[in-house]
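The values are calculated or read from the model by the stated rules, or taken from the named source; none is laboratory data. What you see is a predicted model; the values in this text were computed from it and never measured. Note: ideal-geometry Cβ built from the backbone for every residue, glycine included; neighbour counts use all protein chains shown. Only protein heavy atoms, including side chains, enter the accessible area calculation; ligands, DNA and RNA are left aside. Shrake-Rupley method; radii C 1.70, N 1.55, O 1.52, S 1.80 Å.
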Amino acid sequence: MVLARRDVEHVFERLRSGTVPERGLDAFAVGIDRQRAEVARLFELAKNGEGVFKFLRGGYGCGKTFMARLAVLEAQARNFATSFAVVSDNDFHLHRFDELYRKVMQELGTASCPRGALGDIVDRWVAKVEDAVVAGGADESAPEFDQLVEKRLQEDLASLTGGKAPPDMARVLRAVFTLKQAGKPADAGALLSWLSGSQNVAGSHKKVAGVKGDIASHDALDYLHGVVEIVKAAGYAGLVIVIDEAETILRMRQDVRGKSLNGLRQLCDAAAQFHGLVWIFTGTPEFFDTKRGVAGLQPLHERIEFLSHGGVASPRQPQLELKPFNGPRLREVAMKLRELYPAANRQRIEGRVTPAYVDALIDKVTEGFRGDVGVVPRQFLRRFVDVLELVDEDEAFDPAVELGFTPEAVTEDERRKLAGEPPYDAEPGDDKGYAIEM
């Protein structure tokens, strides 16, 4: 795969800081063909009007975020709108659907508009409605044309959502159209911010649309339903939402854990009603299999339980397993990155960063993690990119001589692994599970 120079630079900038790139992932994706095929199957289901969900299951270092980011890219290549949000104990809890909605809308993107794409999507929808009104015989130069379009927007939204779109959603969309036609894009933008879940829109802007307050948790999924339908009406195949790091719930307070798991259950139960929407969640085995996590909420556990027969698991079940990295797979990633690296001296890179050196570096990085190759990819790739740069920049540098390694900027998960600690601190009552909330 040939990447544009800007995408190559993006890949190495992200890897040197220990994070997953948002572009160019296909150039060094290794060992996940089966998982990619399953995700592609979900996209096809959504394109045909199904509402589906999938949980990516894997331990730390298995590449869950990589796979999730790759899913976003592949969804956009298939003409889906997408959103990628990360669970946080600070501002994103799964039981607070207003927080969920706000995060999803903030990160809403398309192939042509990577983030904050609601305005662009609404514009595309309006353009299609205008074309339909003209096709119906209306004169677009007539004084009443805008009124006809505004009426058609409201009718289409009601039809698309089966009449379930919140009244304030329709009011805001009509006002956005009117303000743009009046040459007031800033005022229209403020209302689009409100529709994206912002709680910082001035009352004067909301008054123009005849709305009060902000989007509440109990209404948020109805707004999301409306957005999904607008996305499709604008010409997209559907919407793909990724919720990354669900295992963060394990480190929250017990009451918040229970509410978050119940929120996740509600999302799964409602998924089929959102035609054209794909939910993808990522989580660790501890999140899914312990009473502190999913196994502690029986209805959710029964719905998404992971089934394995002699170590073999179907990718079509709710949980899609990602296997840990091993030495050969990590070596293959490294060699792909060596080929991708924009070297000033390609011959020196290939002569010093050899497959034998890569194997030695894998062994060295793995030492501190008790020989577990599966948890070292992030640390390994940071080190490997640093080596590529030093070899390319310094003729005297010999990576084989400078093989020492000390983990840098370790995450909490890496720190616990280095110390031989469990992924979270045990608490009394971890084995009791949670009550079902309606």
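Checking each residue of the range 238-251 against the condition of being more than 18 Å from Tyr101 (Cα to Cα), open to solvent by 40 Å² or more (accessible area, probe 1.4 Å) and in a loop (DSSP other than H, G, I, E, B) gives no match.
You will find that of Ala360, Ala272, Ala344, the residue that is of a type in the set (Gly, Ala, Ser), open to solvent by 10 Å² or more (accessible area, probe 1.4 Å) and closer than 30 Å to Tyr101 by Cβ is Ala272 and no other.
The set of residues from the range 381-412 being closer than 20 Å to Asn345 by Cα, open to solvent by less than 50 Å² (accessible area, probe 1.4 Å) and either of a type outside the set (D, E, K, R) or modelled with pLDDT under 90 (or both) comprises Phe384, Val385, Val387, Leu388, Val391, Phe397, Pro399.
In this structure, does Arg352 turn out to be exposed (fewer than 15 other Cβ atoms within 10 Å of the Cβ), over 16 Å from Glu9 (Cα atoms) and of a type in the set (Lys, Arg)? Judged against the criteria, Arg352 is not a match.
Reported count of residues in the range 85-106, each being touching a strand residue (DSSP E or B) at 6+ places or on another chain (Cβ under 9 Å) and open to solvent by less than 20 Å² (accessible area, probe 1.4 Å), is 7.
Scanning the range 143-169 for residues that are hydrophobic (A, V, I, L, M, F, W, C) and either open to solvent by 20 Å² or more (accessible area, probe 1.4 Å) or under 23 Å from Gly49 (Cβ atoms) (or both) gives Leu148, Leu153, Leu157, Ala158, Leu160, Ala165, Met169. Could you tell me whether the range 15-37 includes any residue that is touching a strand residue (DSSP E or B) at 6+ places or on another chain (Cβ under 7 Å), in contact (Cβ under 8 Å) with a residue 24 or more places away in the chain and not basic (Lys, Arg)? Within the range 15-37 (the criterion being touching a strand residue (DSSP E or B) at 6+ places or on another chain (Cβ under 7 Å), in contact (Cβ under 8 Å) with a residue 24 or more places away in the chain and not basic (Lys, Arg)), the answer is yes, since at least one residue qualifies. Restricted to the range 206-220, and to residues there that are of a type outside the set (S, T, N, Q) and in a helix (DSSP H, G or I), the residue that is farthest from Ala188 (Cα to Cα) is His218. Filtered by the rule that a residue be open to solvent by 60 Å² or more (accessible area, probe 1.4 Å) and in a helix (DSSP H, G or I), the range 293-319 gives Gln298, Glu302, Arg303.
Taking the condition among the acidic types (Asp, Glu), within 30 Å of Arg78 (Cβ to Cβ), assigned to a helix (DSSP H, G or I) and touching a Phe, Trp or Tyr at 6+ places or on another chain (Cβ under 9 Å), does Glu332 pass? For Glu332, the condition - among the acidic types (Asp, Glu), within 30 Å of Arg78 (Cβ to Cβ), assigned to a helix (DSSP H, G or I) and touching a Phe, Trp or Tyr at 6+ places or on another chain (Cβ under 9 Å) - is met. Among the residues of the range 416-438, those that are farther than 18 Å from Leu261 by Cβ and modelled with pLDDT under 75 comprise Arg416, Lys417, Leu418, Ala419, Gly420. Of all residue pairs spaced 6 or more apart or on separate chains, those with beta-carbon atoms under 6 Å, a first member in the range 183-206 that is under 21 Å from Ser217 (Cα atoms) and touching a residue at least 60 places away in the same chain (Cβ under 8 Å) and a second member that is open to solvent by less than 30 Å² (accessible area, probe 1.4 Å) and not β-branched (Val, Ile, Thr) are Leu192/Leu118; Leu192/Gly119; Ser196/Met105; Ser196/Leu118; Gly197/Tyr101; Gly197/Met105. Sort out which residues of the range 140-178 are more than 18 Å from Glu130 (Cα to Cα) and assigned to a loop (DSSP other than H, G, I, E, B), and write them in order of number. Within the range 140-178, Thr161, Gly162, Gly163, Lys164, Ala165, Pro166 qualify.
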